[in-house]
Amino acid sequence: MSQAASPTKWRTSASVILVSRDDGNNEDYKVLMLKRSDATAIAVNQTVFPGGLLDSAADESVGWLQYLEEFGVPQEALRRLVLIRDDRPAILAPQGTGCYDRFFKRSHIWAREITLRLTAVRECFEEVGLLLCRSRSQLDFGAVTCAQDVPDLDSWQRRVHNKPAEFLTLCRELNVVPDLWALHEWSAWASPGFIRKGHETAFFMAFVDKQPELLEEPSEVKETLWLTPVELLRLADLGNVWFMPPQVYELSRLVGIKAYQSLLEFATKRSGLGTTMFLPVGYNCQGSMVFVLPGDDFYVPEPHLVHEIISFPGSEDEFRARSKHLHRYTYGPGVRNLELNIPPPNGHLKPLKFQAERQKL
């Protein structure tokens, strides 16, 4: 073992991969990504999906449950969001004990499937002024989300940015509810355990029929990008944007799917199959940093307890030769040699290289 660090305390967050039909071609689609401001980026041109930290006071407030009930949302519609499985990752597991009605409590909402969707919708509004909500006339719980117009958008964006609990006030004012049902559970990632201030993030995928107008929040966002997955990965290859491993992996999943409708149908169906937490475990292979993911022969049973980089007594090629089942990537600089030779967990898509053929769904 080497490069010891203090145990990680993962901060919980949520992110939304927003997919829009391409304005020029009804079959193609583009994905929204944000270049972080210089003040918030951890590297030059860091580019991310919209999202941010869970705010307990705002996102776990039972005021949401009361408002949803007043609005006419049936409890069964909320229950449909909650997956009952023994293999739920901690980030999506119930945050309390007791019977199945765990999200109808007096103190706070226990169901992370609800609170993290609220986080994702709120952060999307904070960062780019996009309100993914439904009015009463739109309350059909459809798979494609709705974007609402917000009078005095700049003022409301500042209010919610400065005090996240104001998001509920905004929804009450406009008589809309967050479109939780059009956020399809997609994946979950956590920072490697040797990173002292790490994140654990639930990723949701949402779809819009056309690209909405955006309002960048200047303290957090430098630029917004609507591009195809391949275009985004090429920009990273050229050094025009910088991605963390989750962004590279998730975009690589999408490389082989060209049609908006195909991706919408897949994401909607796959959302009910659950999620495996991807918490990379790092190996130092004589100077090459290789990170393994669930299913790899060198993955460990309790990755959250690994707070150091593991030293492997050999080269990267020797490390690979010792493995039959591969789910890994090499890092430095950037992600390279992303490999997966086993079935992806939870019925998911396999990440592909730029030149790969389209995914078969």
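The values are calculated or read from the model by the stated rules, or taken from the named source; none is laboratory data. All of these numbers come straight from a predicted model, not from anything done at the bench. Quick reminder, even Gly has a Cβ in these numbers, built from the backbone with ideal geometry, and neighbours come from all protein chains shown. Areas reflect the complete protein model, heavy atoms only, side chains present, ligands, DNA and RNA absent. Shrake-Rupley method; radii C 1.70, N 1.55, O 1.52, S 1.80 Å.
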>> Between R322 and Q261, what is the label-point separation in nm under the 7 Å Cα-to-beta-carbon projection?
In response: 5.0
> Quick one: length gained pulling R234 to N337 fully straight, 0.36 nm per residue minus the C-alpha distance?
Replying inline: 35.5 nm
> Around W189, with a cut-off of 12 angstrom between Cβ atoms, what is the net charge of the other residues, counting Lys and Arg +1 and Asp and Glu -1?
Replying inline: -2
> For D209 and S311 in the same chain, what is the full-extension length gain: residue separation times 0.36 nm, less their Cα-Cα distance, in nm?
Replying inline: 31.9 nm
>> From Cα pairs below 8 angstrom and at least 6 apart in sequence, can you work out the relative contact order of the chain, rounded to a whole percent?
In response: 23
> Want the number for Q66 to A43: 0.36 nm per residue separation, take away the alpha-carbon distance, what's left?
Replying inline: 4.1 nm
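Based on DSSP H runs of at least 4 residues, each adding -39500 (n - 2.57), what is the mean residue ellipticity at 222 nm of the chain after dividing by all its residues, to the nearest 500 deg cm²/dmol?
-7000 deg cm²/dmol
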> Can you list the aspartates and glutamates whose alpha carbon sits under 14 Å from that of K353, skipping same-chain ones fewer than 8 residues off?
Replying inline: E231, D237, E250, E339
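Run the dipole for the chain about the Cα centre, Lys and Arg Cβ at +1, Asp and Glu Cβ at -1, nothing else charged, and hand back the magnitude in debye, nearest 20. Before the final figure, lay out each step's value.
Values: 40 positive and 46 negative charges, 153 e Å.
That gives a dipole near 740 debye.
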> Which lysines have a Cα lying under 18 Å from the Cα of K324, excluding residues fewer than 8 positions away in the same chain?
Replying inline: K350
>> If you roll a 1.4 angstrom probe over the protein chains with everything in place, what fraction of the accessible area of the chain belongs to carbon and sulfur, to the nearest %?
In response: 49
> For the residue pair R136 and D152, what label-to-label distance in nm results when each label sits 7 Å from Cα along the Cα-to-beta-carbon direction?
Replying inline: 2.3
>> I want the antiparallel fraction of DSSP beta bridges within the chain, as a percent rounded to 5.
In response: 70
> For E76 and E302, what is the calculated FRET efficiency with R₀ set at 41 Å and r taken between the beta-carbons, to the nearest 0.05?
Replying inline: 0.65
>> Restricting everything to alpha-carbon atoms, can you work out Rg to Rh for segment 174-246 with a Kirkwood hydrodynamic radius?
In response: 1.00
> Any idea what the alpha-carbon Rg over 2.2 N^0.38 Å comes to for the chain?
Replying inline: 0.98
> Straight-line reach from K35: which lysines have a Cα under 22 Å away, not including same-chain ones fewer than 8 places off?
Replying inline: K197, K210, K222
> Could you give the angle, 0 to 90 degrees to the nearest 10, between helix 245-254's Cα long axis and the longest principal axis of the Cα atoms of the chain?
Replying inline: 80
> Which FRET efficiency, nearest 0.05, do L227 and D87 yield, Cβ-Cβ r, R0 25 Å?
Replying inline: 0.15
